[in-house]
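The values are calculated or read from the model by the stated rules, or taken from the named source; none is laboratory data. Owing to the predicted nature of the structure, the values given are computational and were not obtained by experimental measurement. All Cβ positions, glycine included, derive from the backbone under ideal geometry; neighbour counts span all protein chains shown.
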Amino acid sequence: MSIGYAYLAVIHEKKMDRKIFPRTLKLNGLDAQTMRDDLCAYFHATFDRYESLFEVLNGDEAYYKKPISLRHPLIFYYGHTATFFINKLLLAGLIHQRINPRFESMFAVGVDEMSWDDLNDAHYGWPTVEEVKHYRGQVREVVDTVIRIAPLNMPVSWKNPWWAIPMGIEHERIHLETSSVLIRQHELKQVKPHPDWLPCLQSGPAPVNDWVNIAAGSVSLGKDKQSPYYGWDNEYGVHSAEVDAFQAARYLVSNGEFLGFVEAGGYGNDECWEEEGRAWKHFAQANHPTFWVESTQGWKLRLMLEEIPMPWDWPVDVNYHEAKAFCNWKAKLEGRLVRLPTEDEWQRLYAQTGLAEILENKLAPANIHLDHFASSCPVNQFQQGDLYDVVGNVWQWTETPIYPYNGFEVHPIYDDFTTPTYDHRHAIIKGGSWISCGNEALSFSRYAFRRHFFQHAGFRYVASDAPVTQMYTNFETDGWLTSHLEQQYGDTYFDVQNPMAVLAGIAIKAMADKPAKQALDIGCGVGRASFELARHFEQVTGVDFTARFIGLADQMATNGLIRYTLVEEGELVSYKERHLSDLGLDDVRHKVDFYQGDACNLKPIFSGYDLIFAVNLIDRLYSPRKFLESVHDRLNAGGILLIASSYSWSEGQTKREEWIGGFKKDAENYTSLDGLKDILGEHFHCVGEPAEIPYVYRETRRKFQYTLMEVTVWEKKHDF
């Protein structure tokens with residue numbers, strides 16, 4: 001036993017004298033004074049605990065020397081959580097003046113590295129430790145004053161300006177954990193023992209893992225805005241799924257169980273590793289878990305403040321890549337599919353334990369919330385039903401990249417908490433660790449990290465033949481594309497009806513009692529009109545030359561929803577989620593197929609239609625005449641052709657000699673309608689009079705284009 005560990009053993013008994021760290025607050029009470037008192041106590045307990053974490057640093061050097069190159073030095077995190085309070089209270093309108101503009105800029109934004117080799121070599125003129133400590137004292141006074149005297153309307157809910165206060169507290173609790181991980185990665189000489197941070201002293205042989213049967217069942221996830229407890233934006237919305245029966249390991253994978261993988265040469269066997277994991281392993285030159293330390297006395301384990309002889313029955317701390325490689329190795333030994341659980345499967349594990357949320361002020365039946373230790377403990381210490389450590393000890397990696405539930409919204413004063421993680425690169429972790437507190441300790445919390453990231457995280461493996469469903473996560477951010485999405489699926493501006501819905505209605509009305517088997521939406525863009533036409537037609541084909549349009553339309557057909565950002569002004573954006581169900585179109589999306597194609601050179605398969613719908617097309621084609629002269633071959637006799645265009649001819653899109661109108665001919669004005677009549681007249685007759693339909697194209701919150709399209713309807717002559 002090391003000297004530091006012996007010191008901790010002497011004072012370990014003092015742990016039980018410490019008050020239980022306050023749980024996340026219930027925010028929907030009716031008594032304002034009680035809410036003020038509870039928030040004040042919750043704030044000060046969190047602020048105190050965070051500052052006690054930094055007391056483990058052994059001198060000022062430890063604040064400025066980076067524990068790892070990928071992150072800021074610890075002086076940043078010491079100041080960051082304080083500036084977060086000020087910045088959010090300003091946005092919420094609860095305060096109106098900054099304390100230290102320099103600090104509130106310098107300490108505002110952390111680092112979420114894109115890859116393990118994104119070395120952060122930026123140099124900052126960091127303030128002294130004493131300056132930051134003084135600043136934290138100023139922030140404490142400001143927040144305390146706001147809680148005591150600012151006007152308060154109950155309850156404290158999502159839209160209440162006071163939401164910023166629990167947001168700041170829960171944010172600091174997140175950084176209590178992430179900063180402890182950085183301290184664990186610091187050089188030992190930079191840290192020292194501390195009575196508030198006492199590790200577990202128990203260890204023994206690793207238990208033999210075995211399988212537990214988990215019954216099939218349903219999961220229904222997502223909070224609504226009426227929930228009494230604080231939540232981050234990704235927790236809200238709706239998600240439901242049916243989960244097949246599977247088997248799960250009784251225990252988290254222990255250091256002893258993981259040793260088998262290490263001794264079998266798992267780190268040297270590329271076949272065990274996924275492609276991204278192999279790249280990380282080779283870059284990091286990893287041959288054992290990061291917190292394992294080789295010594296002449298055998299393996300040791302790096303804790304937050306010291307190294308101890310390896311506790312083989314504690315859970316192994318690894319990143320996603322290492323956990324996945326172990327599962328692949330285990331699968332070969334078992335002769336069946338072994339993998340990490342999905343988020344939905346973890347919820348089935350939680351349901352089977354019969355656990356309740358950690359909301360009461362009594363010791364949790366798990367190594368969580370700092371109730372027991374400032375470290376992991378044996379994997380067979382906390383039994384929860386037939387399993388152990390479904391909650392607590394270490395976070396558990398899942399197979400699921402974080403994604404938004406249906407109905408996801410960002411909170412207006414923290415719009416970048418989750419949205420940057422919707423990139424298929426951030427895997428969800430569940431269950432919490434020994435230091436997970438407040439919101440982190442609840443079953444509905446959703447946190448995700450990049451797969452190469454280290455947290456106090458390990459894993460449990462499962463055996464299942466069920467495929468892992470990859471959920472739809474993307475927010476389209478290309479401004480050109482998102483303006484098209486908003487035009488077709490978004491809000492109504494200046495009382496102008498959605499043009500695609502209006503035009504589809506005109507087309508359907510023109511069909512009257514004609515056959516309505518197949519329709520072609522040529523130049524379909526992002527697909528709204530195709531879905532509208534599917535209300536009437538048995539099958540609709542959408543074709544567009546632009547692959548990115550087709551990709552977005554296909555996403556809408558596949559998922560029934562689309563997510564995108566809209567430019568508000570400059571670099572500021574808002575986040576939108578649009579559902580076909582909200583448009584009454586969800587039950588027809590199975591009737592629509594999308595393809596990339598050239599309207600001037602379509603394959604013969606695109607034929608036999610009862611309607612051809614061409615909106616905003618002809619003035620975008622390189623040869624509109626070629627399209628118009630052959631379109632009758634793709635339409636059934638008596639079929640309808642609808643053309644709508646603003647005739648915005650441009651030599652950048654269509655060479656001047658290819659224009660079908662908009663110029664002088666025989667010294668007289670020759671319009672595009674004249675050109676349509678001349679080209680289509682042989683095979684079509686025009687039905688009714690042309691009409692003008694407006695549409696609004698949003699560029700930014702305050703800039704729009706208002707355009708008129710001329711609409712003509714043509715019926716194919718029966719003798720053709």
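Observations on the model:
- Residue, farthest from the chain's Cα centre (by Cα), within region 698-720, restricted to residues that are of a type in the set (F, W, Y) and assigned to a strand (DSSP E or B): W714
- Of residues in region 134-145 being free of Cβ contacts under 8 Å to residues at least 12 places away in the same chain and not β-branched (V, I, T), the one farthest from L89 (Cα to Cα): H134
- Test set (1) out of contact with any Leu (no Cβ under 9 Å at 6 or more places or on another chain); (2) of a type outside the set (A, V, I, L, M); (3) touching a residue at least 24 places away in the same chain (Cβ under 8 Å); (4) loosely packed, with under 15 Cβ neighbours inside 10 Å - Y622 fails condition number: (4)
- If the condition is being closer than 30 Å to D244 by Cα, modelled with pLDDT of 90 or more and hydroxyl-bearing (S, T, Y), then region 448-497 contributes Y461, S464.
- Top-ranked residue of region 576-592 - restricted to ones that are touching a residue at least 60 places away in the same chain (Cβ under 8 Å) and in contact with a helix residue (DSSP H, G or I) (Cβ under 6 Å, 6 or more places away or on another chain), ranked as farthest from G505 (Cα to Cα): R578
- Residues that are modelled with pLDDT under 95, of a type in the set (D, E, K, R) and more than 26 Å from the chain's Cα centre (by Cα), drawn from region 337-378: E360, K362
- Strands (runs of 3 or more DSSP E) enclosed by region 394-455 - at least 2 residues per element that are assigned by TED's automatic domain parsing to the domain that holds F43 and either surrounded by fewer than 22 Cβ atoms within 10 Å (Cβ to Cβ) or over 16 Å from the mean Cα position of the chain (by Cα) (or both): none
Residue-wise test of (1) free of Cβ contacts under 8 Å to residues at least 60 places away in the same chain; (2) in contact with a Ser or Thr (Cβ under 9 Å, 6 or more places away or on another chain); (3) on the phi < 0 side of the Ramachandran plot.
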{"site": "R460", "(1), (2), (3)": "no, no, yes"}
{"site": "E476", "(1), (2), (3)": "no, yes, yes"}
{"site": "W480", "(1), (2), (3)": "yes, no, yes"}
{"site": "Y489", "(1), (2), (3)": "no, no, yes"}
{"site": "T492", "(1), (2), (3)": "yes, no, yes"}
{"site": "Q518", "(1), (2), (3)": "no, yes, yes"}
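- Residue match in region 651-666 (condition: modelled with pLDDT of 95 or more, assigned to a strand (DSSP E or B) and surrounded by 13 or more Cβ atoms within 10 Å (Cβ to Cβ)): no
- Residue satisfying condition, being farther than 30 Å from F291 by Cα, in a loop (DSSP other than H, G, I, E, B) and in contact with a His (Cβ under 7 Å, 6 or more places away or on another chain), within set T473, T469: T473
- Of all the residues in region 53-76, those that are among the small types (G, A, S) and either outside the structural domain of T178 (by TED's automatic domain parsing) or in contact (Cβ under 8 Å) with a residue 60 or more places away in the chain (or both) number 2.
- Residue in region 530-551 that is surrounded by 15 or more Cβ atoms within 10 Å (Cβ to Cβ), modelled with pLDDT under 95, assigned by TED's automatic domain parsing to the domain that holds E692 and of a type in the set (A, V, I, L, M) present: yes
- Qualifying position, being farther than 24 Å from A32 by Cα and under 24 Å from the mean Cα position of the chain (by Cα), among T178, T128: T178
- In region 182-196, the residues that are under 9 Å from V56 (Cβ atoms) reach residues that are among the aromatic types (F, W, Y) with C-beta atoms within less than 8 angstrom, at least six apart or across chains, in these pairs: P193/Y7.
- If you check Y695, Y595, Y647 for being without any contact (Cβ under 8 Å) to a residue 60 or more places away in the chain, touching a helix residue (DSSP H, G or I) at 6+ places or on another chain (Cβ under 8 Å) and either not hydrophobic (A, V, I, L, M, F, W, C) or not in a loop (DSSP other than H, G, I, E, B) (or both), only one passes: Y595.
- Checking L39 against (1) surrounded by 19 or more Cβ atoms within 10 Å (Cβ to Cβ); (2) farther than 15 Å from R140 by Cα, the condition it does not meet: (2)
- If the condition is being out of contact with any Leu (no Cβ under 8 Å at 6 or more places or on another chain), more than 24 Å from I428 (Cβ to Cβ) and crowded, with 18+ Cβ neighbours inside 10 Å, then region 306-345 contributes only D313.
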